[in-house]
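K.L.:
Dropping the structure in here first, questions after.
The values are calculated or read from the model by the stated rules, or taken from the named source; none is laboratory data. It should be emphasised that the depicted structure is a prediction, and the values quoted were computed from it without experimental measurement. Virtual Cβ from ideal backbone geometry, glycine too; neighbours counted across all protein chains shown. Areas reflect the complete protein model, heavy atoms only, side chains present, ligands, DNA and RNA absent. Shrake-Rupley method; radii C 1.70, N 1.55, O 1.52, S 1.80 Å.
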Amino acid sequence: MPFCEPARELRIQNSPLWLHQRNLLAPYVTREMELKQGEPLQPVREPTIVYRDNLFFDKFYIEAFMEEALRRNRPVRAAFRADDPAFREHALPLSTSYTPAGSLYLADLWYYPQGPKAGVEPLVIDMQAREIGYYHVPTYMADQSGDLVFQVPLRAMMAIDSWVHVFIADMVFGQFAHGARFEKRLNEDLGFKLKIIGKAIYEGRQVLESSELVKVGKGCVIDPSAVIHGPAIIGDNVTINAGAVIENSIIGNNVNVSQDVQVMLSVVGDGAFLPFRASLFMTTVMENSMVAQNTCLQMCVIGRNTFLGAGSTWTDYNLIPAPIRARDGNGKLSISNRPVMGGCVGHNCRIGAGMIIYPARTIESDVVLAASKERRVIDRDISFADSDHHHLKLSHLHQTLYHKDSKADSESW
């Protein structure tokens, strides 16, 4: 929830999770078998990787895991130390997938050198977390937890059990980690540093704007007054208009970024449209969605094929410093371990203009919300049953792609 589909179908780093997994595991496999829930694993007598389809991992974690697993040449299962900062702070809260084992938590990723069998031992891969702050804020916003910081791993792996984990995977374990690895290499590799500086001098650009840090696809139209700071990836056929600012973000293919749009530490999916003065900070917008003018998203996750009306604001901070709760993997409200966090909108939603959404609130897929005198502030989770389209005479015109079996009665205003 609130997407109404398995985690494997969601986009992480602008790629379906199942495809992301398959691409990273491709160097280690020759064939694959997909098992339905509860289906027993068929006996095989060859090296085998078994994993659950809700796992997000990056290239650097898988390389370290497979290198150590092959070296041991014994059945192993991925594990985390309870005191690993990145796991403790970001992956464990709201999760339901890990199996406690003493001071370790076991994840659903195994390697068997001679096919699945008993006697698996835990394999802990250090995620090499480093503490990184993301902006300067007044001390009262830090609450009892200290400064507002993230534990950013240089090797990332986590289970996607909650929508919050999509945010963590895209922002903390994705964009922040990408920047942290770049800084680490810049500090340790003199040749790499000289290459970056040399390319910037050759192009006559500031270092963060050079082509070594900003990768631009084919057929793009970028206004000269737009500011793009890397590390950033711009897809194919992207239009970026005057005054836009993009920093350390992923912009997918066929995206339109209008005048004065702000995109910082965010992931924008293929076919998205950001009209003028839309603002994204540490936010995921999945494919074919639109964030209308003057709408501000902070630490949010927006599903595919969704429209967000103009002038809406997703708030991210409890005015009284109480812990922010969010839906966990079982759909229950639990402590998110984040003092600042936005909200989540599912797929195929239509949200009217001028809304204010409280922190960590969710709006389920297929929902239509129109602003009214009775409802301009969203202070609770919105389910499909709460959708305004149920009460419209022309409700049949709204295709409920994720609630196809729903038979709601329609009536006019």
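K.L.:
Probe radius 1.4 Å, ligands and nucleic acids left out: which of His403, His178 has the largest accessible area, and how do the rest follow?
P.N.:
His178, His403
K.L.:
Another question, then. Considering only DSSP states other than H, G, I, E and B, which trypsin sites (Lys or Arg not before Pro) in the range 349-408 qualify as loop sites with at most 10 other Cβ atoms within 10 Å?
P.N.:
When the trypsin sites (Lys or Arg not before Pro) of the range 349-408 are filtered for loop state and at most 10 Cβ neighbours within 10 Å, Lys373, Arg380, Lys393, Lys404, Lys407 remain.
K.L.:
If ligands, DNA and RNA are left out, what is the accessible area of Arg74 with a 1.4 Å probe, given in Å² to the nearest 10?
P.N.:
Here the accessible area works out near 110 Å².
K.L.:
Cut-off under 13 Å on the C-alpha distance; same-chain residues fewer than 8 positions from Lys195 excluded. Which aspartates and glutamates are left, in chain and number order?
P.N.:
Glu203, Glu212
K.L.:
Right, next: So which aspartates and glutamates can Lys36 reach, going by Cα to Cα under 17 Å and dropping same-chain residues fewer than 8 places off?
P.N.:
Cα-Cα hits under 17 Å: Glu5, Glu9, Asp53, Asp108.
K.L.:
Sum up the charges of everything whose Cβ sits under 12 Å from the Cβ of Thr283, counting Lys and Arg as +1 and Asp and Glu as -1, but leave Thr283 out.
P.N.:
Summing Lys and Arg as +1 and Asp and Glu as -1 gives -2.
K.L.:
Using only helices, what value at 222 nm comes out for the chain when you add -39,500 (n - 2.57) per DSSP H run of length 4 or more and divide by the total residues, to the nearest 500 deg cm²/dmol?
P.N.:
Only helices count here, giving -4000 deg cm²/dmol.
K.L.:
Could you give the accessible area per residue of the chain, probe 1.4 Å, as a whole number in Å²?
P.N.:
47
K.L.:
Is the shape of the chain rounded, prolate or oblate, going by the alpha carbon gyration tensor and its root eigenvalues a ≥ b ≥ c, with a/c under 1.5 for rounded and a/b larger than b/c for prolate?
P.N.:
oblate
K.L.:
Just the number, please: carbon plus sulfur as a percent of the accessible area of the range 1-144, 1.4 Å probe, no ligands or DNA/RNA counted.
P.N.:
Roughly 50 percent, rounded to a whole number.
K.L.:
Another question, if that's okay. Once each part is reduced to its C-alpha centroid, what is the distance from the range 231-306 to the range 25-80 in angstrom?
P.N.:
What the calculation gives is 34 Å, centre to centre.
K.L.:
Mean Kyte-Doolittle of at least -1.0 plus a Cα span of 15 Å or more along the axis: flag which DSSP H helices in the chain meet both, please.
P.N.:
Span-like helices, by this rule, are 59-72, 190-203.
K.L.:
Would you mind calculating the relative contact order of the chain from Cα pairs under 8 angstrom and at least 6 residues apart, reporting the percent as a whole number?
P.N.:
This gives 11 percent for the chain.
K.L.:
Rounded, prolate or oblate for the range 241-303? Axes are the square roots of the Cα gyration tensor eigenvalues, ordered a ≥ b ≥ c, and the cut-off for rounded is a/c under 1.5.
P.N.:
It comes out rounded by the Cα gyration axes.
K.L.:
Once each part is reduced to its C-alpha centroid, what is the distance from the range 1-18 to the range 341-409 in angstrom?
P.N.:
Cα centroid to Cα centroid, the span is 20 Å.
K.L.:
Next question. On a straight-distance basis, which lysines could pair with Lys373 in a cross-link, Cα separation under 27 angstrom, same-chain partners fewer than 8 positions away excluded?
P.N.:
Of all the lysines, those that pass the test against Lys373 - Cα under 27 Å, at least 8 places apart if same chain - are Lys393.
K.L.:
Normalised by the number of residues in the range 206-264, what is the relative contact order in percent for Cα pairs under 8 Å and 6+ residues apart? The partial results should precede the final answer.
P.N.:
Details: 148 pairs, mean separation 17.3, N = 59.
Once divided by the residue count of the range 206-264, the mean separation gives 29 percent.
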